[in-house]
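Heads up, the thing below is written out as structure tokens.
Only the coordinates and a few stated rules stand behind these numbers; no lab work does. Predicted model, so just to flag it, every value in this text is computed and none were measured. Cβ placement follows ideal geometry from the backbone for every residue including glycine, while neighbour counts extend to all protein chains displayed.
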Amino acid sequence: MRAPGQVIDIARTLQEAGFETWCVGGAVRDALLGEAHLDWDLATAATPTQVRKLFRRTVPVGIEFGTIGVLDRDNRMHEVTTFRRDVKTDGRHAVVEFGASLDEDLARRDFTINAIAYDPIDHRLYDPFGGQIDLTRRVVQAVGEAEARMREDRLRALRAIRFAARFRFEIEPDTWTAIVGSAPFLTRLSPERVKQELEKTMEQVLAPSTAFARWRDAGAFASVVPTLAQVGDDTLRAIDALPRPGLAGRPLRKTLRFAVLFSEAGGKQAERALRDLRFSNQDIANVSALVDRWTRFAPALTESLAAGVLPNDAELRRLAAGIGRLRVAAFVRLAAARWSAVGGVSPVLVRRLYRRMITIAFREPIELADLTVDGDDLRSAGIATGPTLGRILHALLQLVIDDPAANTREALLGAARELAVSPETA
Ligand code: ATP
Ligand code: MG
């Protein structure tokens with residue numbers, strides 16, 4: 001185990017000035033698991049003021065909680081936090097006090113696997129709560145009395161579930177009981193916090209189904225995302241079939257994972273749930289549009305594919321028109337994820353569907369703008385402006401969707417004149 005050079009330098013500066021300093025938290029845990037971790041956090045006996053005096057370039061990231069960011073030569077920031085103890089908690093925020101010992105600082109951390117300290121200079125581990133044993137046993141276990149620790153901060157219930165899913169660990173029974181007991185109180189978390197936990201789960205966890213099954217089984221969904229209270233296992237497993245958005249925040253990947261999560265709910269319910277969780281307008285629009293298309297078009301499409309039949313070209317063009325050109329790829333990927341979780345649809349057929357739909361979406365006429373005539377052309381041809389004109393344009397689009405060869409000016413103007421004579425057919 002070895003900390004990055006810059007972190008060692010910071011620890012050495014503090015130690016040489018007489019302040020006990022340790023690496024703590026996620027980086028130590030991940031290094032022991034053999035995984036790389038970007039942010040090595042340091043905990044020290046020095047107060048924030050003393051830390052600021054020792055380093056040339058610092059950022060007051062969270063002075064009231066004792067956290068100073070120290071910038072290294074490459075402008076990377078390393079968080080250095082003064083040993084703390086909690087003097088008061090309210091179910092989320094703690095009032096902290098400095099002048100604490102390393103033991104006290106580790107005792108206020110959430111899980112044993114997150115409460116291991118490492119001295120990057122003598123390579124010594126300090127692990128008073130048996131975090132290393134739990135890493136080997138692969139369990140997430142609260143530091144101290146689980147029920148009391150969750151009462152101090154209800155967010156820990158969701159964090160425990162996330163860590164367990166991320167490392168494919170079990171949750172220790174008392175810790176699980178405390179999570180279940182916390183579920184009714186999760187309503188006290190801000191919607192932004194809950195959203196952040198959902199997003200971190202989508203980003204960090206390869207197979208989020210185990211995490212979300214626990215949210216459901218513990219009653220966390222019933223409490224904070226009621227639409228998902230009874231979410232099905234097939235739906236959750238379908239999320240696992242999609243790639244993680246990653247920390248670079250790939251918008252399509254994020255949209256897809258969330259669209260699957262809400263895919264049973266219907267577009268309107270998904271939209272409401274996402275709005276309540278304070279997702280951005282863009283996320284809400286993207287996810288709920290996909291859920292809406294899935295709800296409307298999946299039954300017929302699934303039935304056809306399960307019977308081994310790819311719908312004909314006209315049917316696929318109608319489908320693409322209903323989904324919308326720019327959402328076709330995402331729709332098929334969402335569908336493919338669900339079908340792979342449920343079974344019953346041949347992957348070969350799904351690949352053919354994908355290729356065909358992409359070609360249709362970008363090469364074939366499926367929108368009004370793709371027609372060789374527009375409203376002005378119809379007016380020049382003597383058709384009066386008004387609702388009839390709009391209906392005629394839509395009728396022409398249907399014609400072209402059925403038969404793209406009909407998308408010529410002559411054919412469409414001819415068809416438009418006929419429709420104008422008997423507008424009730426338009
Ligand atoms: P990640 O890889 O997700 O960042 P992490 O363990 O570094 O994992 P952070 O949220 O960055 O998690 O927190 C850093 C450390 O601070 C944790 O390892 C834990 O020791 C402590 N900690 C964070 N949040 C809490 C909390 N709500 N209650 C108690 N301790 C916490
Ligand atoms: Mg971290």
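Within region 29-53, can you find the residues that are assigned to a loop (DSSP other than H, G, I, E, B) and more than 12 Å from ligand 1 (Cβ to nearest atom)?
Step one: list which residues in region 29-53 are assigned to a loop (DSSP other than H, G, I, E, B), which gives 33-40, 45-47.
Selection gives Gly34, Ala45, Ala46, Thr47.
Checking the structure you have, find out if any residue of region 357-373 is over 21 Å from Asp402 (Cα atoms), among the β-branched types (Val, Ile, Thr) and surrounded by 18 or more Cβ atoms within 10 Å (Cβ to Cβ).
Our first condition is that a residue be over 21 Å from Asp402 (Cα atoms); within region 357-373, this holds for none.
No: region 357-373 contains no residue that is over 21 Å from Asp402 (Cα atoms), among the β-branched types (Val, Ile, Thr) and surrounded by 18 or more Cβ atoms within 10 Å (Cβ to Cβ).
Do the conditions hold for Gly308, that is, is it touching a helix residue (DSSP H, G or I) at 6+ places or on another chain (Cβ under 6 Å), closer than 26 Å to Arg237 by Cα and surrounded by fewer than 16 Cβ atoms within 10 Å (Cβ to Cβ)? Please lay out each step first, then the result.
Working: touching a helix residue (DSSP H, G or I) at 6+ places or on another chain (Cβ under 6 Å): no; closer than 26 Å to Arg237 by Cα: yes; surrounded by fewer than 16 Cβ atoms within 10 Å (Cβ to Cβ): yes.
Considered against the rule, which asks whether it is touching a helix residue (DSSP H, G or I) at 6+ places or on another chain (Cβ under 6 Å), closer than 26 Å to Arg237 by Cα and surrounded by fewer than 16 Cβ atoms within 10 Å (Cβ to Cβ), Gly308 comes out as no.
Within region 129-155, can you find the residues that are surrounded by fewer than 18 Cβ atoms within 10 Å (Cβ to Cβ), farther than 14 Å from Val180 by Cα and touching a helix residue (DSSP H, G or I) at 6+ places or on another chain (Cβ under 6 Å)?
The answer is Gly130, and nothing else.
Within the group Arg56, Arg2, Arg73, Arg12, which residue is touching a Pro at 6+ places or on another chain (Cβ under 9 Å), assigned to a loop (DSSP other than H, G, I, E, B) and away from ligand 2 (no atom under 13 Å from the Cβ)?
Working: Arg56 fails: touching a Pro at 6+ places or on another chain (Cβ under 9 Å); Arg73 fails: touching a Pro at 6+ places or on another chain (Cβ under 9 Å); Arg12 fails: assigned to a loop (DSSP other than H, G, I, E, B).
Arg2 is the lone residue from the list that is touching a Pro at 6+ places or on another chain (Cβ under 9 Å), assigned to a loop (DSSP other than H, G, I, E, B) and away from ligand 2 (no atom under 13 Å from the Cβ).
Restricted to region 336-379, and to residues that are touching a residue at least 60 places away in the same chain (Cβ under 8 Å) and not charged (D, E, K, R), which residue is nearest to His394 (Cα to Cα)? Break it down into steps so the answer makes sense when it comes.
Here is the first cut: in region 336-379, the ones touching a residue at least 60 places away in the same chain (Cβ under 8 Å) are 336-338, 340-342.
Narrowing the set further to residues that are not charged (D, E, K, R) leaves 336-337, 340-342.
On the way: Ala336: 31, Ala337: 33, Ser340: 36, Ala341: 37, Val342: 37 Å.
Within region 336-379, the match that is nearest to His394 (Cα to Cα) is Ala336.
So which residues in region 29-46 are among the hydrophobic types (A, V, I, L, M, F, W, C) and either within 10 Å of ligand 2 (Cβ to nearest atom) or buried (at least 16 other Cβ atoms within 10 Å of the Cβ) (or both)? Steps first, answer last, please.
Residues of region 29-46 that are among the hydrophobic types (A, V, I, L, M, F, W, C), as a first pass: 31-33, 36, 38, 40, 42-43, 45-46.
Those that are among the hydrophobic types (A, V, I, L, M, F, W, C) and either within 10 Å of ligand 2 (Cβ to nearest atom) or buried (at least 16 other Cβ atoms within 10 Å of the Cβ) (or both): Ala31, Leu32, Leu38, Trp40, Leu42, Ala43, Ala45, Ala46.
Can you name every residue in region 156-182 that is crowded, with 21+ Cβ neighbours inside 10 Å, among the hydrophobic types (A, V, I, L, M, F, W, C) and under 17 Å from Gly91 (Cβ atoms)?
Result: Ala157, Leu158, Ala160, Ala178, Ile179.
So is Glu79 closer than 30 Å to Phe167 by Cβ, surrounded by fewer than 17 Cβ atoms within 10 Å (Cβ to Cβ) and within 16 Å of ligand 2 (Cβ to nearest atom) or not?
no
Pairs under 9 Å by beta carbon, first residue acidic (Asp, Glu) in region 23-49, partner in a helix (DSSP H, G or I) and within 13 Å of ligand 2 (Cβ to nearest atom), six or more apart or different chains?
Note: pairs meeting the criteria are Glu35/Arg29; Asp39/Gly26; Asp39/Ala27; Asp41/Gly26; Asp41/Ala27; Asp41/Val28.
Say we look at region 15-28 and pick out the residues that are surrounded by fewer than 19 Cβ atoms within 10 Å (Cβ to Cβ) and in a helix (DSSP H, G or I); which of these is farthest from ligand 2 (Cβ to nearest atom)?
Among them, the one singled out is Glu16.
Report, by residue number, each residue of region 124-149 that is more than 10 Å from ligand 1 (Cβ to nearest atom) and within 18 Å of Leu186 (Cα to Cα).
Quick first cut of region 124-149, residues more than 10 Å from ligand 1 (Cβ to nearest atom) only: 124-130, 132-141, 144-148.
Hits for region 124-149 are Ala146, Glu147, Ala148.
Given the criteria touching a residue at least 24 places away in the same chain (Cβ under 8 Å) and either crowded, with 21+ Cβ neighbours inside 10 Å or of a type in the set (Phe, Trp, Tyr) (or both), does Ala298 qualify? Give the derivation first.
On the way: touching a residue at least 24 places away in the same chain (Cβ under 8 Å): yes; either crowded, with 21+ Cβ neighbours inside 10 Å or of a type in the set (Phe, Trp, Tyr) (or both): no.
Judged against the criteria, Ala298 is not a match.
Return the only residue of Arg275, Arg333, Arg250 being in contact (Cβ under 8 Å) with a residue 24 or more places away in the chain and charged (D, E, K, R).
On the way: Arg275 fails: in contact (Cβ under 8 Å) with a residue 24 or more places away in the chain; Arg250 fails: in contact (Cβ under 8 Å) with a residue 24 or more places away in the chain.
Within the list Arg275, Arg333, Arg250, the selection yields Arg333.
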